[in-house]
Amino acid sequence: MTTIEQNEPQRLSKRMAQLGLCSRREADGYIEQGWVKVNGVTAVLGQKVVNSDRIDLDRQAHRQQAERVTILLNKPVGYVSAQPEKGYRAAIELITAANHWQEDKSRIQFQTAHTRHLAPAGRLDIDSVGLLVLTQDGRIAKQLIGENSGIEKEYLVRVSGRLSDNGLALLNHGLSLDGEKLRPAKVSWQNQDQLRFILKQGKKRQIRRMCELVGLRVTGLKRVRMGKIKLGALPPGQWRYLSTQEQF
């Protein structure tokens, strides 16, 4: 049960998403099913709420949320994160029983239903590898890639070229992309040709573009962590479930 903190009326589905109860699309579905109550009365689509209203989510909605899965894939080169253009392959094609990592400790049994409505929570471009999160749960997607997400994403980045003067400092803070200043990052050398990036945002091809601004060219990029979840020993092209004990 949650008390609305804003005085301005707003759509119930929007507020439910802001509160982390579910995504806006999921909220509309729950409202349509009759699984949401405002002040004890079943809500309707398009309804607006104010600060004195109370929102209750039916146990059926909670049960449905518990059945949704999140999948962790070690994406290889040559696959795109989302819907591919002609001639490209989508990472979701790798989510098969044959590619399910044998050392998955989640105890979740694979079902074909688990591949439906999976969406990537954080892109990896076709030339990048490593941890890709695919989820049916709008709450997790919002946590990882929502506008106010503070979840760290960690990358190992191989580079070539000559780093400009003050380039490392600029990579940590001081660069802009698309006319917008980037949030502070944590960037450090791991060896003579590899950098470690820790970011809290995810603009399109952000690391590659950042490197170009300081005289470097990315020759390899691997995501190794999102929040508390590490890629670990998960083999390329294989996947596992996020267990109920794990959190980002």
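Would you mind computing Rg(Cα) / (2.2 N^0.38 Å) for segment 153-226, counting N as its residues?
On the way: Rg = 11.0 Å, N = 74, 2.2 N^0.38 = 11.3 Å.
Segment 153-226 yields a ratio of 0.98.
Once the convex hull of all Cα atoms in the chain is built, its volume per residue stands at 155 Å³. Working from Cα pairs under 8 Å separated by at least six residues, relative contact order for the chain is 22 percent. Taking a ≥ b ≥ c as the square roots of the eigenvalues of the Cα gyration tensor, segment 113-176 is oblate, since a/c reaches 1.5 or more and a/b is not larger than b/c. In terms of other Cβ atoms within 10 Å, THR135, THR112 run from fewest to most in the order THR112, THR135. Rounded to the nearest angstrom and listed largest first, the equivalent-ellipsoid semi-axes of segment 1-115 from its Cα gyration tensor are 37, 17, 12. If a/c stays under 1.5 just call it rounded; otherwise compare a/b with b/c (prolate if a/b is bigger, oblate if not). Do that for segment 2-66, with a ≥ b ≥ c from the square roots of the Cα gyration tensor eigenvalues. Verdict is prolate for segment 2-66.
State the volume of the convex hull built on the alpha-carbon positions of segment 57-184, expressed per residue in Å³ and rounded to an integer.
On the way: hull volume 22.7 nm³, N = 128.
Cα convex hull per residue, to the nearest whole number: 178 Å³.
A short reminder: the numbers here are calculations on the coordinates, not readings from a lab. Since we're looking at a predicted model, the values are computed, not measured. Heads up, the Cβs are rebuilt from the backbone with ideal geometry, glycines too, and the neighbour counts pull from every protein chain shown.
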